[in-house]
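The values are calculated or read from the model by the stated rules, or taken from the named source; none is laboratory data. Remember, predicted model here, so these are calculated numbers, not experimental data. In this analysis, Cβ positions are derived from the backbone assuming ideal geometry, glycine residues included, and neighbour counts consider all displayed protein chains.
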Amino acid sequence: METRQDWSILLGMSDVNFDQKPETPKRGGPPILSCYDDLAASCAYGWSMLERGVKDRKSPFHTPSVATITANRGPTIRTIVLRGCDTEARNLRFHTDTRSGKIAELQANPQGAMHFYDAATKVQLRLGVRLEMLSGAEYDAAWQATQPMSRECYQVTQAPGSPLASPQDVGFDAQATRDGEDHFVPVRAQVETMEWLYLAARGHRRAHFDFTQDTMEWLVP
């Protein structure tokens with residue numbers, strides 16, 4: 001295991017250009033990512049994919065899965081839309097409804113997990129996160145950046161998961177919900193650990209990064 005005290009400096013040391021085309025092996029086969037045998041570069045590449053997931057709606061990282069623990073201590077998982085990524089602060093952001101099950105779950109137990117997979121590059125990220133509802137200026141900024149079409153999701157009068165006699169029975173009331181703001185909440189996912197898995201024909205690469213301890217190590221794939 002390797003320990004690093006200046007993590008942000010370490011990630012900045014890599015010469016890898018994350019927008020360049022992957023290296024093509026001399027003996028043929030699928031291209032190999034330039035971070036193949038570089039721990040720090042693999043971590044930085046993972047963060048670059050998260051950043052792209054926020055900006056590019058076609059990116060597989062735009063819609064990851066988030067897992068929380070239910071009241072009966074069982075896991076539950078759902079797909080969300082990635083809305084923010086702060087690489088320096090090591091956190092992500094997504095939005096949800098205040099009445100959704102995940103809010104009650106994160107309030108009871110803020111520990112969660114996130115899963116990302118890009119079939120084109122064959123990269124999987126598994127993140128251990130601590131979830132927190134945002135308020136104040138961070139809440140205001142997230143709400144102001146929300147598009148009108150997205151706000152309609154929070155104008156629904158029934159709570160998510162409520163039983164319906166018919167799918168047409170969903171009610172919307174922009175005025176009663178203050179355009180949906182009453183039910184909107186941004187959630188920060190503070191990334192505590194990252195597990196990188198790269199499925200390469202030349203040989204898989206798996207690594208673990210612990211941001212709480214500033215450590216990183218290769219793992220058996």
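Here are some notes:
- Residue check for residue 160: farther than 19 Å from residue 128 by Cβ and in contact with an Asp or Glu (Cβ under 6 Å, 6 or more places away or on another chain): yes
- None of 151, 188 is in contact with a strand residue (DSSP E or B) (Cβ under 9 Å, 6 or more places away or on another chain), of a type in the set (Lys, Arg), part of a helix (DSSP H, G or I) and under 24 Å from residue 104 (Cα atoms) except 151.
- Residue match in segment 197-211 (condition: under 24 Å from residue 112 (Cα atoms) and either of a type in the set (Gly, Ala, Ser) or not in a strand (DSSP E or B) (or both)): yes
- Test for residue 48: is it touching an Asp or Glu at 6+ places or on another chain (Cβ under 9 Å), modelled with pLDDT of 55 or more and either polar (S, T, N, Q) or assigned to a loop (DSSP other than H, G, I, E, B) (or both): yes
- Matching residues, segment 110-160, being in contact (Cβ under 8 Å) with a residue 60 or more places away in the chain, surrounded by fewer than 18 Cβ atoms within 10 Å (Cβ to Cβ), of a type in the set (A, V, I, L, M, F, W, C) and within 16 Å of residue 98 (Cβ to Cβ): 159
- Only a single criterion out of (1) in contact with a strand residue (DSSP E or B) (Cβ under 9 Å, 6 or more places away or on another chain); (2) assigned to a loop (DSSP other than H, G, I, E, B); (3) of a type outside the set (D, E, K, R) is not satisfied by residue 216, namely (2).
- Complete set of residues in segment 69-92 that are touching a strand residue (DSSP E or B) at 6+ places or on another chain (Cβ under 7 Å) and either outside any strand (DSSP E or B) or crowded, with 16+ Cβ neighbours inside 10 Å (or both): 69, 70, 80, 81, 82, 83, 84, 85, 90, 91, 92
One line per residue, one yes/no per condition, for (1) over 10 Å from the mean Cα position of the chain (by Cα); (2) of a type in the set (S, T, N, Q); (3) more than 18 Å from residue 124 (Cβ to Cβ):
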{"residue": "44", "(1), (2), (3)": "yes, no, no"}
{"residue": "50", "(1), (2), (3)": "no, no, no"}
{"residue": "58", "(1), (2), (3)": "yes, no, yes"}
{"residue": "68", "(1), (2), (3)": "yes, yes, yes"}
{"residue": "72", "(1), (2), (3)": "yes, yes, yes"}
{"residue": "76", "(1), (2), (3)": "yes, yes, yes"}
{"residue": "82", "(1), (2), (3)": "no, no, no"}
{"residue": "86", "(1), (2), (3)": "yes, no, yes"}
{"residue": "96", "(1), (2), (3)": "yes, yes, yes"}
